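Student: Before we start, here is the structure in question, set down as C-alpha cells.
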Amino acid sequence: MRAKCPHRACAVRLADDIDGFRCRCHGSEFASDGTVQEGPADRDLTWLAVEVTSDGKLRVDPSREVPKGTYAPV
C-alpha cells in the first residue's frame with residue numbers, strides 16, 4: 001500500500017495501539033488491509049502492484065495501482 005494518507009498525503013505509520021496504520025498529521029486510522037476506520041480520510045489507502053523478481057526480491061511499482069485485495073499477479 002502507498003504509505004500516504006488520502007486526506008492530505010501525510011505519511012502513515014504502523015500504530016502500536018491498533019492493528020493497522022495511523023496518519024500522524026490528522027489522526028486518520030486504517031486497518032491492516034488499508035481500509036479507513038476513522039477520518040478525516042474518506043477513502044482507503046491505495047494498493048500498489050508488487051512483484052517478486054527473478055532473484056527473489058520484492059519490487060513495488062508506485063506507478064501501478066491495483067484493486068484493494070489483489071494478491072495475484074496482475
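The values are calculated or read from the model by the stated rules, or taken from the named source; none is laboratory data. Nothing here was measured: the structure is a model prediction, and the numbers come from that model. Cβ placement follows ideal geometry from the backbone for every residue including glycine, while neighbour counts extend to all protein chains displayed. Please note that ligands, DNA and RNA were not included when accessible areas were found on the heavy atoms of the full protein model with its side chains. Shrake-Rupley method; radii C 1.70, N 1.55, O 1.52, S 1.80 Å.
Student: Do we have A41 as of a type outside the set (D, E) and farther than 14 Å from A3 by Cβ here?
Tutor: No: the conditions fail for A41.
Student: Considering segment 20-38 alone, what residues qualify as being in contact with a Phe, Trp or Tyr (Cβ under 7 Å, 6 or more places away or on another chain), open to solvent by 30 Å² or more (accessible area, probe 1.4 Å) and assigned to a loop (DSSP other than H, G, I, E, B)?
Tutor: none
Student: Give the residue that is nearest to Y71 (Cα to Cα), with candidates limited to residues of segment 9-19 that are open to solvent by 40 Å² or more (accessible area, probe 1.4 Å) and in a loop (DSSP other than H, G, I, E, B).
Tutor: Per the criteria, the residue is D19.
Student: Looking at (1) modelled with pLDDT of 95 or more; (2) exposed (fewer than 15 other Cβ atoms within 10 Å of the Cβ), which one does P6 not meet, given that it meets all the others?
Tutor: All conditions are met except number (2).
Student: Can you work out which of the residues in segment 40-58 that are under 15 Å from the mean Cα position of the chain (by Cα) and loosely packed, with under 15 Cβ neighbours inside 10 Å is farthest from T70 (Cα to Cα)?
Tutor: The qualifying residue farthest from T70 (Cα to Cα) is D42.
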